[in-house]
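For reference, the structure discussed in these notes is given below.
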Amino acid sequence: MATKNYDKEYLGFNGFIWFMGVVEDILDPLKTGRVKVRCLEWHSENKQEVPTDDLPWAQVMMPVTSSGMSGIGDTPTGIKQGSWVVGFFLDGKYGQRPMVMGTIPGIPMTKIDADNKNLLDKIGFNDPEGKYPSLIQQPDTNRLARNETGYVGHPFAKSDPKKDEPHPMIQIKNHLKANNITMALGGTWNEPNSQFAAVYPNNHVYETASGHIKEYDDTPNYERIHEYHKKGTFYEIANTGMKTTRIVANNYTIIAGSDFAYVKGSVNLTVDSSCKTYIKGNWDIQVDGNVNERIGGKYKRTVGGETHLSCSGDHKIDFNGDSYTRYDGDRHTHTGKDTYSRHDKGVDYSCPDDPPRTSDINCDDIDTAETT
């Protein structure tokens, strides 16, 4: 069988032909991740001779960490228009069934801008929309992986538009950093600085076209995990294990079961607006130390059942204003030792005598005081 000649136009039987080229179309109507590639020495750069629409669809090879079926694993949609790729033809010399094996990063030196539509319509081996490469005359490797500056000031960060700045993500994080957050009963705290100090080639970066970012940084002494949304929401885990989370919009947490939290250190909660807590069951609070409350406005408490206050030590209440107490039922007071009462000024409306009496015998002066 090894000596028999096979005349089949199929990979492995009749030659193995490689290609390199530039992706010009990623909008696969079948949504299987296929792309259209203009291949060097196979297709003219003149789009009048070989329009992008006439290029064959190329399948994309996936790594073994992705199943390539049933939506399990990564989606084959990472390639962009303007990406350089390498692959081979399944049909050999006919070159109509290309298979892309991977992309080729480099240092793009020139590009045709999107506003030069006339030239983009004529010359191939470019992104037809003129968007990519977004950076020229520098490596395609993500700047967060290289840890280099070179960006202009980001408008959202309000930095100097002409200044040589770091990656826009770092600019935005620095601009939104929270400082001097007031704590209850005094004191402030600051959001920690980012621990970003990547050294090439240790930082493994994944960035999407819109600006979402993931980092797994193995830089010695600066190991981090970082996930960032383009609007500024992120979490970052520093080399010490410290985690910083910032959410720039609303946050919703739904827990279908029980929730358990254990904090060995202190907890500082500062709310710039209102805070509402609704507990439909019981609420048990145990404080082994002191409780200090400072209320700047009114304090109102409504209890539907009994109220029981047990105090093992002294009980002190200071009123700078008036004090009103009403009992619609009986009032029972037990004093185990002496009673001290002092009236500095004003009128004393209490009964001068306290004889046994029923509800038919009242102190008129008390009734008068309640109606004034």
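Laboratory data are not the source of any read-out in this text; all were calculated from the coordinates shown. None of the values given here were measured: they were computed from a predicted structure. Positions of Cβ are backbone-derived with ideal geometry, glycine not excepted, and every protein chain shown enters the neighbour counts.
The table below gives the values:
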| quantity | calculated |
| --- | --- |
| Fewest-first sequence of 119, 90, 144 by Cβ atoms within 10 Å of each Cβ | 119, 90, 144 |
| Two-site FRET efficiency, residue 335 against residue 208, from Cβ-Cβ distance with R₀ of 51 Å, rounded to 0.05 | 0.10 |
| Cα-based equivalent ellipsoid of region 144-246: semi-axis lengths in Å, sorted from largest, via gyration tensor | 23, 19, 12 |
| In Å, descending, principal axis extents of the Cα set of region 74-227 | 78, 35, 25 |
| Candidates per chymotrypsin sites (Phe, Trp or Tyr not before Pro) in region 210-270, loop by DSSP, up to 16 other Cβ within 10 Å | 222, 252, 260, 262 |
| Alpha-carbon centroid distance for the pair region 168-201 / region 265-305, whole angstrom | 29 Å |
| Spherically averaged projected area in nm², based on the convex hull that wraps the Cα atoms of region 62-146 | 8.0 nm² |
| Low-density loop cleavage sites - trypsin sites (Lys or Arg not before Pro) in region 226-317, where at most 12 other Cβ are within 10 Å (DSSP) | 264, 276, 280, 294, 298, 300, 301, 316 |
| For region 1-138: lysine pairs under 12 Å (alpha-carbon distance), excluding those fewer than 8 apart on one chain | 6 |
| Stretchable slack from residue 216 to residue 302, in nm (0.36 nm times residue separation minus alpha-carbon distance) | 25.7 nm |
| Simple label model, 7 Å out from Cα along Cβ direction - residue 104 to residue 138, nm | 2.4 nm |
| Globularity index of the chain, i.e. its alpha-carbon radius of gyration over 2.2 N^0.38 Å | 1.79 |
| Spacing of the two label points (7 Å from each Cα toward its C-beta) at residue 86 and residue 174, in nm | 3.8 nm |
| Residue-averaged 222 nm ellipticity for the chain, from DSSP H runs of 4+ at -39500 (n - 2.57), nearest 500 | -1500 deg cm²/dmol |
| Residues of type lysines that residue 173 reaches as a straight line, Cα spacing below 24 Å, ignoring anything fewer than 8 places off in the same chain | 158, 162, 163, 214, 230, 231, 243 |
| Kirkwood Rh and Cα Rg combined as Rg/Rh, region 1-138 | 1.02 |
| Antiparallel bridges, percent of DSSP beta bridges restricted to the chain (to nearest 5) | 95 percent |
| Percent RCO, i.e. relative contact order, over region 1-138, from Cα pairs under 8 Å lying at least 6 residues apart | 27 percent |
